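The values are calculated or read from the model by the stated rules, or taken from the named source; none is laboratory data. This structure is a prediction, so every number in the text was calculated from the model and none was measured. Positions of Cβ are generated from backbone atoms using ideal geometry, with glycine treated the same way; all protein chains shown enter the neighbour counts.
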Amino acid sequence: MQKRKKSRAISVAELKKLWTKKNKNLIVVDIRSQTEYSTGRIPGATSIPLGELIQHRHKLKKPDPCVLYSQNGNRSYTAANWLAGEGFENLYHLKGGLNSWQGFQAHGHIDLHLAILPPNASFFEALQMAIALEENLKQLYLDLAEYCTDQKILSIVKRLIKFEDHHKAHLMAQYEVSDEDQLKLDEFKNKHGEKLEGGGELEGTRKSFSKMIQKPEDILKIGIALEAQAMDFYSRLAQKSVNEQNRQLFINMMKEELVHLEYVSRELEKFLAKSLNN
């Protein structure tokens, strides 16, 4: 009798390594209910509740790496082993589930803010949106810099500003946009306002800073929240896109936001550790 295939358990650290590698088809699946998903999830995860997994397993391609998680890991362990038995080759389940995820969680309904770009949008519209949102996030970091009373925190925020500049320049070079005017960013702004990737407005978020920032490290916590929501936003956009070029753009955007998220998270840990030792 042939032995039934099983999935492999991975840690949060291993999941992050999978994400940062060139696994363009990696999918992370939250198998909890959509209510649980909307109240807090791993940024970038897609929602396929356990009850729907059998009917919707066609959304997952058998050769592609796939990581399943639930709240504590029990449901995802069972589901991942079932899928492995169905012939899925690169199945993983997250040890400890969402409870083991120590980083910032994304929030909101699976379709939050996705109306900003229809699934069948042209590549020009997708690139225009991405660069406009990058510009808005950069402006938010410039505003955050004004709240910095600690020089180390200020240097981190300045680096985040450079990330946004470099990212925009890379996108323009990659897609051969020689002049920003070609993107008609004002046209996008007039239509959608000063939107952020997490779904908020630039001005409203800016006004909330005075209440949110009580200690120097709160600035980094805001940065983590912004990058996590951005990563989650681009992941959800990629899942909804019917244009393959758009999908690849959003996957690349998601991975860039993950790099930024990891950077701010590391810097926050170092800052807090140093504060405790002083």
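For this structure, a couple of remarks:
- Taking every residue in region 1-27 that is modelled with pLDDT of 80 or more and in a helix (DSSP H, G or I) and pairing it with any residue that is surrounded by 13 or more Cβ atoms within 10 Å (Cβ to Cβ) and among the hydroxyl-bearing types (Ser, Thr, Tyr), at least 6 positions away or on another chain, the pairs with Cβ-Cβ distances below 7 Å are Val12/Ser100.
- The residue list Ala173, Ala126, Ala169 contains one member that is of a type outside the set (D, E, K, R) and either in contact with a helix residue (DSSP H, G or I) (Cβ under 7 Å, 6 or more places away or on another chain) or within 20 Å of Ala225 (Cα to Cα) (or both), which is Ala126.
- Spans of helices (runs of 4 or more DSSP H) in region 100-203 with at least 2 residues under 29 Å from Thr35 (Cα atoms): 123-145
- Residue-level analysis places Pro63 among those that are closer than 26 Å to Lys21 by Cα and over 18 Å from the mean Cα position of the chain (by Cα).
- Any hit, region 216-223, residues being of a type in the set (A, V, I, L, M) and either within 10 Å of the chain's Cα centre (by Cα) or not assigned by TED's automatic domain parsing to the domain that holds Ala130 (or both): no
- Per-region count, region 51-101, residues surrounded by fewer than 17 Cβ atoms within 10 Å (Cβ to Cβ) and among the hydrophobic types (A, V, I, L, M, F, W, C): 1
- Number of the condition not met by Ala115 [criteria: (1) at negative phi; (2) touching an Asp or Glu at 6+ places or on another chain (Cβ under 8 Å); (3) not polar (S, T, N, Q)]: (2)
- Residues in region 218-261 that are surrounded by 23 or more Cβ atoms within 10 Å (Cβ to Cβ) and of a type in the set (Val, Ile, Thr): Ile219 alone.
- Those residues of region 28-50 which are of a type in the set (Val, Ile, Thr), in contact (Cβ under 8 Å) with a residue 40 or more places away in the chain and surrounded by 14 or more Cβ atoms within 10 Å (Cβ to Cβ), in sequence order: Val28, Val29, Ile31, Ile42, Thr46
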